[in-house]
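Right, one structure below, let's go through it.
The values are calculated or read from the model by the stated rules, or taken from the named source; none is laboratory data. Computed from a predicted model, the values in this text were never measured in an experiment. Here the Cβ positions follow ideal geometry from the backbone for every residue, glycine too, while neighbour counts run over all protein chains shown. Side chains included, ligands, DNA and RNA excluded: accessible areas come from the protein's heavy atoms. Shrake-Rupley method; radii C 1.70, N 1.55, O 1.52, S 1.80 Å.
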Amino acid sequence: MGRGKYTTQEALDAQPEPTPICPVVRVLGPRGQHLHEVAVASSLVSADVNRRLNPDARPWFTTLAQLPPKFRSVLWVRRGSHVLVDLSESLTDKIGGEVVMVLLPAQIKQLKQAGQWPAQYDQLWPEIAGHTAASQPAADAATAESDSEESADDLLLRGNPNRRVVNDESSDDRSSDDPSDDESD
């Protein structure tokens, strides 16, 4: 078994345990170079981490989290997914922590059943989403809201949005409807 197989198996079998140093955070989006912007609820982290990363004492703050080399090309992090991030020490002045685990839907369900899922995200997510949408133009924000309401299944059924849809009508139907073709015969 190669490195990727062990890492994938470890990610599938791991039991997530959030702590004040390693909380569950929500990914806002990729920022390049294996960095992801994450939103952290202030009430989930320790006082030391709060002082270091959240000097304004807001109910939530954003920071960058680095995806370690063992997860690169094996696990992918999508916008809106949840991860465990080790915030114990900053890697640089801009990078606030390192991704320890990418949470899969089965693991999230397990955390909710065990009562370890942070209820703060249900209350704070509209505010966080509004903050990220405020940085976009108004037209983009309106389309982002309508897109977020659609389910993932609907998006998969539509096909590739980057390809033009060609309506293929048979030539027989056109010739019978077009009177100019009848006159030329």
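Things to note:
- Top-ranked residue in the stretch 43-93 [being assigned to a helix (DSSP H, G or I) and basic (Lys, Arg); ranked as most open to solvent (accessible area, probe 1.4 Å)]: Arg51
- Only one of Pro20, Pro30 that is assigned to a loop (DSSP other than H, G, I, E, B) and surrounded by 15 or more Cβ atoms within 10 Å (Cβ to Cβ): Pro20
- Residues (open to solvent by 70 Å² or more (accessible area, probe 1.4 Å) and under 16 Å from the mean Cα position of the chain (by Cα)) located in the stretch 107-124: Asp122
- Matching residues in the stretch 7-49 - criterion: being touching a Pro at 6+ places or on another chain (Cβ under 7 Å), modelled with pLDDT under 90 and of a type outside the set (A, V, I, L, M, F, W, C): Ser42, Ser46
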